[in-house]
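**Q** First the structure, which I've put down as structure tokens, then a few questions once you've had a look.
The values are calculated or read from the model by the stated rules, or taken from the named source; none is laboratory data. Just so it is clear, the structure is predicted and the values come from calculations on it, not from any experiment. No Cβ is skipped: glycine too gets one built from the backbone with ideal geometry, and neighbour counts run over all protein chains shown. Just so you know, the surface numbers come from the protein's heavy atoms only, side chains and all, with ligands and any DNA or RNA stripped out. Shrake-Rupley method; radii C 1.70, N 1.55, O 1.52, S 1.80 Å.
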Amino acid sequence: MTAGPRHFAVVVAAAGSFAAATTAHGATPPRVGVAVTTCTTGSAPEYRSAIFTATVSRGPRAKRMAARFRLLRTSRLAVDTGDPAPVAAKVALPAWNAWARSKRGRSALVVSRRVDGLSGPAAYAVDVETRWYDAKGRVIARRTTRSVACDQPDYAPDIEASVTPRAGGLDVSVYNRGRSVSAAGMVSVLSGGVQIGRAEVAPLAPGARMTVAVSIESCPAAPLVVTVKTGDARELSYGNNEVRDVPCPG
């Protein structure tokens, strides 16, 4: 649960080139350092951001360097559902399209890019395209380097239910284990697939719990199934919002 922003100052060495690096003469171009210098998470979108920094050394024969960033997003939903190879999708950021260029003769080019309003569950990384130029402005080397990721957790509500039978009904404890407020919902009690009881559930803040009393007059068939459903477009739950094999209250 996150009530406010969390800040991770992570300075990491270059993750290495994922694609072939080339030079005009076949030699290996200078290395590029790419770091996640800031990664923040939080319950509200304005708390979720990342800053990526690339450090490009000049190398032999080069007079200028240039770098351009591409933001990549890998959904963690694919990981949760067992996808063996989740795809890193490019995120369109027109402000990042331009190349950052060093001044002539500088020993290094250091460039940072910030992105805000991240969503989860996902991992965000960057590909940094790098070029080196000679004195005549010709490209003499190229490299693409991928950063490590800034991970954003799932911010959906996560509803968990537990049931205590009592005389004349059930007490249903509803708990929001997620990172955002859940919408109002309903507790339903089924007996043999037929609804025999229901009660409304108010919105719950992250980490909040409430007990809902459901009156049951009789049980046509036992055991009972109790389910909590909210009005959220997507909630985690993982089956924790349903309780089976509930005995009929005395």
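**Q** Could you rank Ile216, Ile51 by how accessible they are, 1.4 Å probe, largest area first?
**A** Ile51, Ile216
**Q** Find the accessible area per residue for the range 132-223; the probe is 1.4 Å, ligands and nucleic acids are left out, and the unit is Å².
**A** Per-residue value: 46 Å².
**Q** Inverting the mean 1/r over all pairs of different Cα atoms, compute the Kirkwood radius of the range 126-191 and quote it in Å.
**A** Evaluated on the range 126-191, it is 17.7 Å.
**Q** For a distance above 25 Å, tell me the whole-number percent of Cα pairs in the range 36-147 that qualify.
**A** For the range 36-147, the share of Cα pairs beyond 25 Å comes to 33 percent.
**Q** Grab every C-alpha pair in the range 100-240, bin the distances at 10 angstrom width from 0 up to the longest one, and report whole percents.
**A** Cα pair-distance distribution for the range 100-240, in percent: 10, 27, 18, 12, 10, 10, 7, 5, 1.
**Q** Take the solvent-accessible surface of the protein heavy atoms, probe 1.4 Å, and return the percent of it on the range 39-173 that carbon and sulfur atoms account for.
**A** 51
**Q** Right, another one. Ignoring ligands, DNA and RNA, how do Thr53, Thr211 rank by accessible area with a 1.4 Å probe, largest first?
**A** Descending accessible area places them as Thr211, Thr53.
**Q** For Leu170, Leu93, write out the residues from largest to smallest accessible area, computed with a 1.4 angstrom probe and no ligands counted.
**A** The most accessible residue leads, giving Leu93, Leu170.
**Q** Given N residues in the range 88-168, what is Rg(Cα) / (2.2 N^0.38 Å)?
**A** Working it through for the range 88-168, the quotient is 1.97.
**Q** Here's another thing I want to ask about it. Provide the convex hull volume over Cα atoms per residue for the range 170-250, in Å³.
**A** It is 85 Å³ per residue.
**Q** A further question on this structure: Order the peptides 61-70, 158-167, 100-109 from the highest to the lowest mean number of other Cβ atoms within 10 Å of their residues.
**A** The peptides rank, most packed first, as 61-70, 158-167, 100-109.
**Q** While we're here: May I ask for log10 I(q)/I(0) of the range 111-155 at q = 0.19, 0.27, 0.30, 0.31 Å⁻¹, from a Debye sum over the Cα atoms as equal point scatterers with solvent left out?
**A** Here log10 of I(q) over I(0) equals -0.71, -1.00, -1.08, -1.11.
**Q** List the relative contact order of the range 94-231 as a percent without decimals, with contacts defined as Cα pairs under 8 Å and 6+ residues apart.
**A** Relative contact order of the range 94-231: 18 percent.
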